[in-house]
Amino acid sequence: MIVIKSKNELAQMRAAGLIVAQALDALRGQVKPGVSTAELDQFIHGFVTKRKAYPTFKGYRGFPASICASINNEVVHGIPNKKRILQEGDIISIDVGATLNGFVGDSAMTYPVGKISAGAQRLIQVTEGALWAAISQSRAGRYLEDISAAVQDYAEARGYSIVREYVGHGVGRTMHEEPQIPNYRQGKRGPLLKPGMTLAIEPMINEGKWETRVLRDKWTVVTKDGRLSAHFEHTVAITEGEPEILTRLDS
Ligand code: MG
Ligand code: MG
């Protein structure tokens, strides 16, 4: 069942989403060569808890940290580690969740570390572009398949491949609600989008082939071919009109 949020529940989701948006924005100044992913994790843990929210991922199915930090060929779910030091030219995907008054905000972005290659820059731009293409379809009266198709068409037309084993999701009182939101066509239109649905849309786009595998830490997902991957995510509310992005700063 897809949960429809009331006006009051949407207001709570907006508050949780704003903390995530602010955290990811503040992180921009922390991502630089020489910094460990554990330091980024501490920064976000402090940022979120100071605002009376809880970092949703910490303890989720045993996940040991407050953020997922995935470098270069790592797709998602990288575990922060004080021995993982950012290098000039890396790209790093950071995923942040915050729970406030029982509601979850979920958002991710891929950051450049110092100066990066033109290829890495393009991958980041296309992945973010794919998210915006999907958001533009997030309207009452469209179907879930329209979101999936928008990501797939945008990324594949630009020569990239779509991660298939991991998908977006409904979000609300828990991080993962129905529906699942694949970033590629299912061949069926899926549920009708209605006002009050809140969706975490999250394209994961690979420079090379789509296949992934999980490292022995049982969390970190990497590309099978070792090439780069990027990840952007927003929590979006379906409204009567324009999609409302709950994890975006106002200006
Ligand atoms: Mg996320
Ligand atoms: Mg998510």
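The values are calculated or read from the model by the stated rules, or taken from the named source; none is laboratory data. Note that the coordinates shown come from a computational prediction; the quantities given were computed from them, not determined experimentally. Neighbour counts are summed over all protein chains in view; Cβ atoms, including those assigned to glycine, are modelled from backbone coordinates with ideal geometry. Heads up: the accessible areas ignore ligands, DNA and RNA and are worked out on the full protein's heavy atoms, side chains in. Shrake-Rupley method; radii C 1.70, N 1.55, O 1.52, S 1.80 Å.
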Set Ile201, Ile238: member being within 16 Å of ligand 1 (Cβ to nearest atom), within 20 Å of Trp132 (Cα to Cα) and open to solvent by less than 30 Å² (accessible area, probe 1.4 Å): Ile201
Which ones in segment 18-45 are under 28 Å from Ala237 (Cβ atoms) and over 18 Å from the mean Cα position of the chain (by Cα)? Phe43
Could you please find all residues in segment 170-196 being open to solvent by less than 10 Å² (accessible area, probe 1.4 Å), more than 15 Å from Glu145 (Cβ to Cβ) and not in a loop (DSSP other than H, G, I, E, B)? Gly170
Checked against (1) open to solvent by less than 10 Å² (accessible area, probe 1.4 Å); (2) part of a strand (DSSP E or B), Arg213 satisfies every condition except (1)
Residue selected from segment 19-57 under the condition assigned to a loop (DSSP other than H, G, I, E, B) and in contact with a Phe, Trp or Tyr (Cβ under 7 Å, 6 or more places away or on another chain), by the criterion surrounded by the fewest Cβ atoms within 10 Å (Cβ to Cβ): Arg28
Pick from segment 113-142 the residues that are of a type in the set (Lys, Arg) and within 21 Å of the chain's Cα centre (by Cα): which of them is least open to solvent (accessible area, probe 1.4 Å)? Arg139
Search segment 8-61 for residues being without any contact (Cβ under 8 Å) to a residue 40 or more places away in the chain and of a type in the set (A, V, I, L, M), and hand back the single one that is nearest to Ile201 (Cα to Cα). Ala11
Apart from one, (1) part of a loop (DSSP other than H, G, I, E, B); (2) under 28 Å from Ala11 (Cα atoms) all hold for Gln87; the odd one out is (2)
Test of understanding: among Arg84, Arg142, Arg61, which residue is touching a strand residue (DSSP E or B) at 6+ places or on another chain (Cβ under 9 Å), among the charged types (D, E, K, R), under 24 Å from Val20 (Cα atoms) and at pLDDT 95 or above? Arg84
Could you tell me whether Val221 is more than 16 Å from ligand 2 (Cβ to nearest atom) and over 30 Å from Gln12 (Cα atoms)? no
Of all residues in segment 153-169 being within 16 Å of ligand 1 (Cβ to nearest atom) and surrounded by 15 or more Cβ atoms within 10 Å (Cβ to Cβ), which is farthest from Lys224 (Cα to Cα)? His169
Restricting to segment 224-235, count the residues that are more than 11 Å from Met204 (Cα to Cα) and either within 15 Å of ligand 2 (Cβ to nearest atom) or open to solvent by less than 10 Å² (accessible area, probe 1.4 Å) (or both). 2
Output yes when any residue across segment 103-114 is over 29 Å from Ile147 (Cβ atoms) and at pLDDT 95 or above, and no when none is. yes
Taking the conditions exactly as written (more than 17 Å from His169 (Cα to Cα), within 16 Å of ligand 2 (Cβ to nearest atom), assigned to a loop (DSSP other than H, G, I, E, B) and aliphatic (A, V, I, L, M)), does Ala69 satisfy them or not? no
For segment 144-152, indicate whether the set of residues that are open to solvent by 50 Å² or more (accessible area, probe 1.4 Å) and within 16 Å of ligand 2 (Cβ to nearest atom) is non-empty. no
Just checking, how many residues over segment 215-229 are out of contact with any Asp or Glu (no Cβ under 8 Å at 6 or more places or on another chain) and either touching a residue at least 60 places away in the same chain (Cβ under 8 Å) or closer than 19 Å to Val151 by Cβ (or both)? 3
